[in-house]
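The block underneath contains the structure these notes are about, expressed in structure tokens.
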Amino acid sequence: MNTHKLTIEATSLAELGLLDEASSTIERALAAAPDRRSVYEGLHIYLQRGCFARAAALAEQLLEFPDLTEEETQDACIAFNFAGRTLDAYHLEKSIKPASVSAEISMQYGLACRASVLGRYSDARGHLFRSFAAGNLTGWQPWRKAFLDSELAPLWENAAALPISLEDAIRFIPVPFAGIAANNADPLPPRIVDHVDFRTMPERFRGLFENFSSGTFVVSPRQEQLQPGAFRDYVRWQQEAAMSRLPVFVEIGRKASRIIWEHQPAMAEFAARRGRFGAARYHLMYFLRAPFGATPADVPAIPLLAPLTEEFRAQHAESPEDFRHLNNWGCNDDIAGFIEEGYDRLTPANKSSGLAFLALGNCHFHEGNIEEAIRAWSGCRKRWPWDESPVMNIASGLARAGRWDECEKVVGHLSSGFLVPSLRELILGRIRSRTNGFLWDGINANPEVPTPRMGGFYPGADEEFLADRSGRTITVEGYPPSKPWQSGFDAALTECSAGS
């Protein structure tokens, strides 16, 4: 029998759970004429059996073949890891170039485990949070497994003492801390485990599990029914272990959020220097919105933003309630009510503010009142001649109304500091195709927690800000803008406003 047929037979035996027979068969294939598939299948079989030294030897053999797939390389990492060759697994895993989100999640999670075992806790935290930010895979739910995983236990034991820099905080922002905490509130479904977890788990629980894949295991539905007491105890045990680690994670999120909040005025000043006044305003709005009790009087002096700061202070002095309502986008809770009565009830300083005009335009746009939205945004533009956000909104209104030529005129005059070339090309392409009335779909210019990149609106801006804060010299194409408000722009906007 040739190698190919023996490999197929061994794979079939393994799928039936006949691992001893599968091992004997794959060894015959390997002894005859080992090829890439037989080596890989042998690695899988020995991982399932828990024969890690043999699996690692086959991983070494597998690495001799060129152009391995991500899955093959990942399984070689797992073999090294279970065999106690953590550093080899770490270096090999770092060589993977993931081609999908799921592969990125798995790779970063694996790197976190290896770094944790190696005592590289800052690296482990970074890898794990990158995995968390990328998503949560349905098959093994890394958002839940991470708080039971025995390889990550050293990280959780040391994470509270790790410092969090501004750079760390910016990188942690994409992690959905609240969502992950909520995901772990329920003890069910039981978390997936692996061979290393078995070493720290009470032995009486091991009989509950069946093989999942590549050395991982899940609770068997049959054993759950046959051993209801052991299952209840296991669920309680794993949830207690997870809940003991989760507060450390939640506290990291709180610290990172506080650091980001404290730096919002500096981010606003940075954005203003680059002609990104809409972003600068959004940073100040978040600074005043976050639950830390700040008022406009707490905003430090930023000369480029002095008119905005003075306007905010006047609004707050006249009516703190109205200012908070506008700053927190309270109109979104009752859009029709804000249009019909809420706007008119604002105190004079708040009613005539840029925030009020911006909110009124947004509400009209949401209700489909496009002409009214354009008029309100034009009022915002007059109030804030340095902020291009209402102009961006006017372009959206014109696109929704099918006024494409006017829309293109307006977008053409948005400054290079505000609209980077890649986004300008995308938006102009949408305008010229005349197939999408939602110009900014898929572009998150207003992230829940703003950093200089504004959710991707300004690629590389986070790194530029960090360099700026450290005093390093940086070069930014198109900065400073020669003249962000050209006379042609005002003419185009006047024409659009008149047409509405």
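Looking only at the range 59-73, which residues are in a helix (DSSP H, G or I) and either among the hydroxyl-bearing types (Ser, Thr, Tyr) or surrounded by fewer than 20 Cβ atoms within 10 Å (Cβ to Cβ) (or both)? Working first, answer last.
Keep residues of the range 59-73 that are in a helix (DSSP H, G or I), which gives 59-62, 70-73.
Scanning the range 59-73 gives Glu60, Gln61, Glu70, Glu71, Glu72, Thr73.
Selection of the range 409-429 for residues being among the charged types (D, E, K, R) and either in contact with a helix residue (DSSP H, G or I) (Cβ under 6 Å, 6 or more places away or on another chain) or farther than 23 Å from Ala461 by Cβ (or both) yields only Lys409. Does the range 332-349 include one or more residues that are under 23 Å from Ser415 (Cβ atoms) and either of a type in the set (Ser, Thr, Tyr) or at pLDDT below 95 (or both)? No, the range 332-349 contains no residue that is under 23 Å from Ser415 (Cβ atoms) and either of a type in the set (Ser, Thr, Tyr) or at pLDDT below 95 (or both).
Against the definition (aliphatic (A, V, I, L, M), out of contact with any strand residue (DSSP E or B) (no Cβ under 8 Å at 6 or more places or on another chain), assigned to a helix (DSSP H, G or I) and within 22 Å of Asp197 (Cα to Cα)), how does Leu6 come out, yes or no?
Numbers: aliphatic (A, V, I, L, M): yes; out of contact with any strand residue (DSSP E or B) (no Cβ under 8 Å at 6 or more places or on another chain): yes; assigned to a helix (DSSP H, G or I): yes; within 22 Å of Asp197 (Cα to Cα): no.
The answer is no for Leu6.
Checked against the criterion of being touching a Gly at 6+ places or on another chain (Cβ under 6 Å) and within 28 Å of Pro176 (Cβ to Cβ), the range 194-215 has at least one qualifying residue. Out of the range 197-231, which residues are of a type in the set (S, T, N, Q) and either within 23 Å of Gly42 (Cβ to Cβ) or at pLDDT 90 or above (or both)? Within the range 197-231, Asn211, Ser213, Ser214, Thr216, Ser220, Gln223, Gln225, Gln227 meet the criteria.
Residues that are buried (at least 21 other Cβ atoms within 10 Å of the Cβ) and among the aromatic types (Phe, Trp, Tyr) within the range 223-269 comprise Tyr234, Phe249, listed in sequence order. Of all residues assigned to the range 453-475, at least one qualifies as being under 26 Å from Ser353 (Cβ atoms) and either modelled with pLDDT of 90 or more or not assigned by TED's automatic domain parsing to the domain that holds Leu288 (or both). Beta carbons closer than 6 Å, at least 6 apart along the sequence or on distinct chains, pair a first residue in the range 443-461 that is within 17 Å of Asn328 (Cα to Cα) with a second that is modelled with pLDDT under 90 and not β-branched (Val, Ile, Thr) for Ala445/Phe457; Pro447/Gly455.
The values are calculated or read from the model by the stated rules, or taken from the named source; none is laboratory data. For clarity, every value in this text was computed on a predicted model and none was experimentally measured. Reconstructed Cβ throughout: ideal geometry from the backbone, glycine too, with neighbour counts over all protein chains shown.
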